[in-house]
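Everything below concerns the one structure shown next.
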Amino acid sequence: MKSPIKEFALHVLAAGIGWMGSVAALVALVGVGVFAWTYEEDEEEPEKVILTIDLGVGITDRGLEPSMEENLWAGGAESPLALKNVLSALEFAATDEQIAGVYLHGDVGGGWANLKEIRDALGIIREAGKPIYAYYAYYGEGQYYMASQATKIFMPRFSEVNLDGLAAEIMYFAGTFEKVGVEVQVTRVGKYKSAVEPFILEEMSGPNREQMENYLGDLFDVFVAEAAAGRDIKEAKFRRLIEANPMMPTDKAIELGFVDQMAYLDEVYAALTEISGENEEEETFNQVAFTDYVDNYDDDEEEEEEEELDDDEEDTTPSIAVVYAEGSIVDGAGRSEVNGDTVARKIRQARLDENVKALVLRVNSPGGSVSASETILREMRLTADAKPVVVSMGNYAASGGYWISAYADEIFAQPNTVTGSIGVFGMLPNAGGLLDKAGIKVHTVKTGEFADVGSVYRPKTEAELALIQASVDEIYDAFLDRVSEGRSMDREKAAEIAQGRVWSGTDALELGLVDKLGNLEDALASAEARAELEDVDYDIDWPQGSGGNEYMDMLEGLLDEEDGDGPILADLSGIAAPVIAAAREIRLLNDPRGIYVRLPYVMNVR
């Protein structure tokens, strides 16, 4: 729930600057018109440009606008790009005659499964014979994973290639809770179901460490195999080299073949200028920023689709519908997360639309609410009875994310997708100790023994815990039933590989939890074949873009800066980010029964 004071302040501020917004919008429109006219009259597009790619901008399945909260804490978060648009634009760049090459620089962010898809798309450009240059100030696994697809890797003096392995950092809050007088009681099934651990333990449990080591090992195996192939080094040799040289300074990295050339930034720019020509006004090479290229490519696609539609005729073209399930699974309607009612409605619309011949559900979720997961699964099952249904798993498709996928005709995952986590837990906070410290007393009047079972002001009794545990056990049994039936798997086997354990996509394939390794395009190809659309002209019904609220963007911009010195909370954001992330995830726990199918909350893999 939003703070009433904050809500009131925003409304007052919004009303006070409303007239300013109108004037600003008019000025912006005039400015854009003048800019466009000036560009057309005075500037000529260069024949060749370099596509400059900085993956620090953030890439998500849907490319939703950042929230007010994200803007405040992230220092004015940039709008992320939609993965579909990124991959389509890269594929187009391979044949775009104006794109002379690609420059990888800046930062690398996002989930490993998404990075794999982007890296594979860069491979299409490389195969087209276009040079890809990479220059990062520092090379960790993420930077080197992308750079290994380049035709030439540059490295500055006094830098480092640091390939010492992957680490997952999980923050534990039990000690803090004890100090402030907050207790968390839990009920759960599955010895690997570790989502509750940060709130009840001060250190990682043995089973959780086991599953994390297994997953990180699989993820690192994918990195080693693909990075080695990109550099034309045998995988076994690549592994030996990084084990012996986990931190390679510039000269050593060049000597061992991990980097091609030591260079200063001006030397990299000079090399790029030789490919694209010089922009004399900017005194640099001719270039186009990746965000602009993706936006322009997406706009062109939308214009082409609009031109194909005739308003006077009903569109009866067969199609494959794509529905996104990205974020935590929560109850109710909305678009910021995987809202159960909203996603179910989209699936139902696809089921009832006679022109839709197949459905592809793209899952990028760590799970969440049991009731919302079941709401979505109900529509998935009904749709699977009516037409082909295929699931494409992204960075995460675990716990509730797997629950909603179980009945698909075919499931695709990336080798480094996080999946499985088939388990259930209930988390029951008790802030009674905190109230005691503050001198607050709570008195309750009730008509039945269990009337206040949902109270957060006292611990649960043994009888109450037994009731809640019975619900958790019931839901876990139902989860196993859905996995067993949906995957045509023996129930004993389902129980054996469940226990809340996290699996990589590679492991999931061997265990029968997924059918094939592949990306969204592979899932679409499967849906096409299952719907017998190979020789038919058909459309793909993508979800509409998130757009943006320019008025709120301006309002958020005012809150982002203080005296022109940058974000209000910029200095604290780095330290506070894990705590903010944990608080945000707790806020998303809105299952009416307080029972969840979800991954661990705060897990930072680096």
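Read-outs: derived from the displayed coordinates by stated rules, not from any lab. Given the structure is predicted, the values throughout are model-derived calculations rather than measurements. Methodologically, a virtual Cβ is constructed for each residue, glycine included, from the backbone with ideal geometry; neighbour enumeration extends over all protein chains shown.
Hey, got a sec? Which chymotrypsin sites (Phe, Trp or Tyr not before Pro) in the stretch 446-509 land in a DSSP loop and have at most 13 other Cβ atoms within 10 Å?
Here the sparse-neighbourhood loop sites are F450.
Set the Förster distance to 30 Å, then compute FRET efficiency between D385 and S336 from the Cβ-Cβ distance, nearest 0.05.
Approximately 0.50, to the nearest 0.05.
Would you list S526, S369 from fewest to most Cβ contacts within 10 Å?
Exposure proxy ranking, most exposed first: S526, S369.
What shape does the stretch 190-349 take by its C-alpha gyration tensor, where a ≥ b ≥ c are the square roots of the eigenvalues and a/c under 1.5 counts as rounded, a/b above b/c as prolate, and the rest as oblate?
Oblate shape, in that a/c is at least 1.5 and b/c is the bigger or equal ratio.
On a full-extension model of 0.36 nm per residue, what is the gain between A168 and N279, subtracting their alpha-carbon distance, rounded to one decimal in nm?
Result for the pair: 35.6 nm of gain on full extension.
Determine the sum of side-chain charges near G257: Lys and Arg each +1, Asp and Glu each -1, restricted to other residues whose C-beta is under 10 angstrom from that of G257.
Local charge sum for G257: -1.
Can you give the FRET efficiency to the nearest 0.05 for D537 and K191, using r as the Cβ-Cβ distance and R₀ = 35 Å?
0.10
Filter the trypsin sites (Lys or Arg not before Pro) in the stretch 130-196 down to the DSSP loop ones having no more than 14 other Cβ atoms within 10 Å, then list what survives.
R157
Which order results if E379, E374, E532 are arranged by neighbouring Cβ count within 10 Å, fewest first?
Ascending number of Cβ neighbours within 10 Å: E532, E374, E379.
Residue separation times 0.36 nm, minus the C-alpha to C-alpha distance between A137 and E485: what's the value?
Extra length available between A137 and E485 comes to 120.2 nm.
Taking the simple approach of a point 7 Å from Cα along Cα-to-Cβ for both A466 and R378, what is their distance in nm?
With each label placed 7 Å out from Cα toward Cβ, I get 3.2 nm.
Checking the cross-link filter: which lysines have an alpha carbon closer than 25 Å to that of K237, excluding same-chain neighbours under 8 positions apart?
Excluding near neighbours in sequence, the set is K116, K152, K252.
Using 0.36 nm per residue of separation minus the Cα-Cα distance, give me the extension gain between T176 and N214 in nm, one decimal.
The span from T176 to N214 would gain 10.8 nm if fully extended.
How big is the gap, in Å, between the Cα center of the stretch 411-481 and the Cα center of the stretch 171-194?
11 Å
I'd like to compare 504-513, 219-228: which one has the highest average count of other Cβ atoms within 10 Å, and what's the full order after that?
So the peptides 504-513, 219-228, ranked by packing, come out 504-513, 219-228.
Sequence-distant or interchain residues sharing an amide H contact under 5 Å with R62, placed H: which?
Counting only residues 5 or more places away or on other chains, the set is L83.
Report the net charge of residues surrounding E410, where surrounding means a beta-carbon distance below 9 angstrom and charges are Lys +1, Arg +1, Asp -1, Glu -1.
Net of charged neighbours comes to 0.
Quick one: of K179/K437; K48/K130; K191/K516, which pairs are farther than 19 Å apart, Cα to Cα?
The answer is K191/K516.
In whole Hz, what ³J(HN,Hα) sequence does the stretch 518-526 give by Karplus (6.51, -1.76, 1.60; θ = phi - 60°), x for Gly and Pro?
x, 10, 5, 5, 5, 5, 5, 5, 5
At 0.692 mPa s and 37 °C, plugging the Kirkwood radius over alpha-carbon pairs of the stretch 299-450 into Stokes-Einstein gives what diffusion coefficient in µm²/s?
Reported coefficient: 182 µm²/s.
Give a quick list of trypsin sites (Lys or Arg not before Pro) in the stretch 198-292 that DSSP marks as loop, anything other than H, G, I, E or B, with at most 13 other Cβ atoms within 10 Å.
Answer in residue order: K234.
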